[in-house]
1. Among the acidic types (Asp, Glu), within 19 Å of VAL6 (Cβ to Cβ), at pLDDT 85 or above and out of contact with any helix residue (DSSP H, G or I) (no Cβ under 9 Å at 6 or more places or on another chain): which single residue out of GLU223, GLU159, GLU163 fits that description?
2. Need pairs with beta-carbon distance below 6 Å; first residue in a strand (DSSP E or B) and within the stretch 3-24, second of a type in the set (Lys, Arg); sequence gap 6+ or separate chains.
3. Would you call GLY186 within 23 Å of PRO67 (Cβ to Cβ), modelled with pLDDT under 90 and not in a helix (DSSP H, G or I)?
4. Taking only the stretch 102-142 into account, find how many residues are among the hydrophobic types (A, V, I, L, M, F, W, C), over 13 Å from LYS11 (Cα atoms) and assigned to a loop (DSSP other than H, G, I, E, B).
5. Any idea which of (1) at pLDDT below 90; (2) within 24 Å of THR171 (Cβ to Cβ) is the one PRO146 doesn't satisfy?
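The values are calculated or read from the model by the stated rules, or taken from the named source; none is laboratory data. Remember, predicted model here, so these are calculated numbers, not experimental data. All Cβ positions, glycine included, derive from the backbone under ideal geometry; neighbour counts span all protein chains shown.
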Amino acid sequence: MAHIIVFGNEKGGSGKSTTAMHILTALLRCDFKVGVVDLDLRQRTLGRYIENRREYVSKNNVALPLPQLAKMVSVDANDAHSGDETKLIAFQEVILTLDEAHDFIVVDCAGSHSALAELAHAMADTLVTPMNDSFVDFDLLARIDPQTTAVLGPSVYSEMVWEARKARAQTGAPSIDWVVTRNRVGAQNMHNKRKVGMALKDLSRRIGFRLASGFSDRVVFRELFPHGLTLLDIKDVGGAPLSISNVAARQEVRSLLAELQLPGVTVTF
């Protein structure tokens, strides 16, 4: 069976789709077959990213690894009559189809709560939750004491993951491996950075997730999107030599892939 990697966070702007694109490209470059489902049926950031990649390959006649992007053909995001049940059935059908021919299935959830996101989380073998390095994003995971920053208890997203874990346990499937990544960790404001880090370590022990290094806030991530490229592709498209910043960003991708500890994956790029 394909290993399902779900990228989820109910808050937008966390770098979720960028992280998903780089990880799935890394898996392709490790010679795995990857299927993709974009559950953000309106914005389709990851879907557009992959479509941009296909167009770049076609126009420039270059060989870049491509995933199979599934389309939930029975679902129209703008159709008010396309309810939750229709979307849930379509999603399950897509997963069953991709499972037959792929090693990994990458699922990108919308930055909001829905029954579709709940089902995706319950189906995850690995759940990756990118978050910006701030207490604004931390609030989605847990409530804290404003004076001491001590963790008071889980918040809405953590509670949803807990319910997903219970639903998965009822099927007899292995537990979800939940990984939280810290994106856009800045070199400045070390005091706030340290406080967020301490709070995350405390919370990880309490509610059961692993912490992994994420991606820094680099302009290159935004520049690559219109072309459908990732940092792993730059050498193959005849561009300028990698800058020091790009080399460091490429290493961040390597490090994250290694920290995810996906079955059978050895970093070879």
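1. Working: GLU223 fails: within 19 Å of VAL6 (Cβ to Cβ); GLU163 fails: out of contact with any helix residue (DSSP H, G or I) (no Cβ under 9 Å at 6 or more places or on another chain).
Residue meeting the stated conditions: GLU159.
2. Qualifying pairs under 6 Å: PHE7/LYS16.
3. Details: within 23 Å of PRO67 (Cβ to Cβ): no; modelled with pLDDT under 90: yes; not in a helix (DSSP H, G or I): yes.
Here the answer is no, as GLY186 does not meet what is asked.
4. Applying the first criterion (among the hydrophobic types (A, V, I, L, M, F, W, C)) to the stretch 102-142 yields 104-107, 109-110, 115-117, 119-120, 122-124, 127-128, 131, 135-136, 138, 140-142.
Among the residues that remain, those that are also over 13 Å from LYS11 (Cα atoms) are: 104-107, 115-116, 119-120, 122-124, 127-128, 142.
So of that shortlist, the ones also assigned to a loop (DSSP other than H, G, I, E, B) come out as 124.
The qualifying residues number 1.
5. For PRO146, the exception is condition (2).
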